[in-house]
Amino acid sequence: QGNAPALIYFHGGGWVIGDLDSHDGICRWLCSRSGCVVVSVDYRMAPEHKFPAPLEDCLAATLWVAANGEALGIDIARIAVGGDSAGGNLAAVVSQQARDQGGPSIAYQLLIYPATDLTMSEASHQKLAKGYRLTKPLMEWFIGHYLNNDSERTDPRVSQLFCDDFNGLPAALVITAGFDPLRDEGVRYADKLSSSGVETTHVCYDGMIHGFFSMGGWLEKSREALDYTSQRLTEALRDGEPKAE
C-alpha cells in the first residue's frame, strides 16, 4: 500500500519525568487505531538537561525521521508531531521551528492538554490550583527544573502563546480537560491558531483531569478520547486535507 503516515510523539512529564515506557500505552493505541507509524522520542530531560536540550532533541528526532522516511517506510509528506502536556508544548514548538527554518514539512500537530504559557497567568491556574492531580506548586516545580531562569518563561520556544506569528502552522487538534490547570492556555492557543487561519479543532473533555489520556484502562472517557484522536489522525494523514470541526 506504499509508505505509511507517521506521528512523532513527545511524551509528557513536565520535562522532568516520563519516558518511552510511561507513554507506551498511548502510542500503541494511536498506532493501532490510526494506521500511523508512531515514533516515540526519548528526549533528554531536566534538571540534568535544561531548556533548550529537550527541544533540541525533539527537533533533531523530527529532522531524522524526515531524512530517513524511505528506510522507515514513512511517507514524509504525511508526518504529524504530537504529545501530551510538556510533550504537547514541545510538539507546538517543533511545528513553529519547522515552519521558521524551512522544514521539515509537518502536516499536522496533535496537542493534548499542552502547556503553552509558562507564566501561569491564565485563570484556570488559580481556580484549579490544587486537588486535581496537577497542582500549581507541582507545575512550578517542573518549570523550575526545566528553565535556566525566570526570564525564559516568555520565550516563544518555551511559551508558545508569546509567539508573534501563528500563520502557516500545521493544522491542529487541541485537546483540553475541564479540571486541568492548563485548560485555559490550551484554549487560548487553539483560538490563536484558528484566528490566524490554521485549520484547528479544539475539544474540551469537561469532566476530565490532566493526564486522563493515560487512564484508558479504567476510564471510558479516556478511551473515547483516544479513539477520537486516532480518527482525527486517520482523517488528517490518510484521507486527505484535515478539516476543523
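The values are calculated or read from the model by the stated rules, or taken from the named source; none is laboratory data. Because the structure is a prediction, the values reported are computed rather than measured. Cβ: placed from backbone, ideal geometry, glycine included. Neighbour counts: every protein chain shown.
Filtered by the rule that a residue be in a loop (DSSP other than H, G, I, E, B) and surrounded by 13 or more Cβ atoms within 10 Å (Cβ to Cβ), region 144-180 gives 147, 155, 156, 157, 158, 159, 163, 166, 169, 170, 180.
With respect to being surrounded by 22 or more Cβ atoms within 10 Å (Cβ to Cβ) and not in a strand (DSSP E or B), residue 26 fits the description.
Of the residues making up region 67-84, one or more are buried (at least 24 other Cβ atoms within 10 Å of the Cβ), at pLDDT 95 or above, of a type in the set (D, E, K, R) and in a strand (DSSP E or B).
Considering region 33-51, and only residues there that are surrounded by fewer than 17 Cβ atoms within 10 Å (Cβ to Cβ) and in contact (Cβ under 8 Å) with a residue 24 or more places away in the chain, the residue that is farthest from the chain's Cα centre (by Cα) turns out to be 47.
Spot the failing condition for residue 57; the list is (1) in contact with a Pro (Cβ under 7 Å, 6 or more places away or on another chain); (2) in a helix (DSSP H, G or I); (3) under 30 Å from residue 150 (Cβ atoms), and only one is missed. Unmet for residue 57, out of (1) in contact with a Pro (Cβ under 7 Å, 6 or more places away or on another chain); (2) in a helix (DSSP H, G or I); (3) under 30 Å from residue 150 (Cβ atoms): (1).
Counting the residues of region 85-107 that are assigned to a helix (DSSP H, G or I) and closer than 16 Å to residue 7 by Cβ gives 8. Could you please let me know if residue 214 is under 29 Å from residue 138 (Cα atoms) and at pLDDT 95 or above? It is true that residue 214 is under 29 Å from residue 138 (Cα atoms) and at pLDDT 95 or above.
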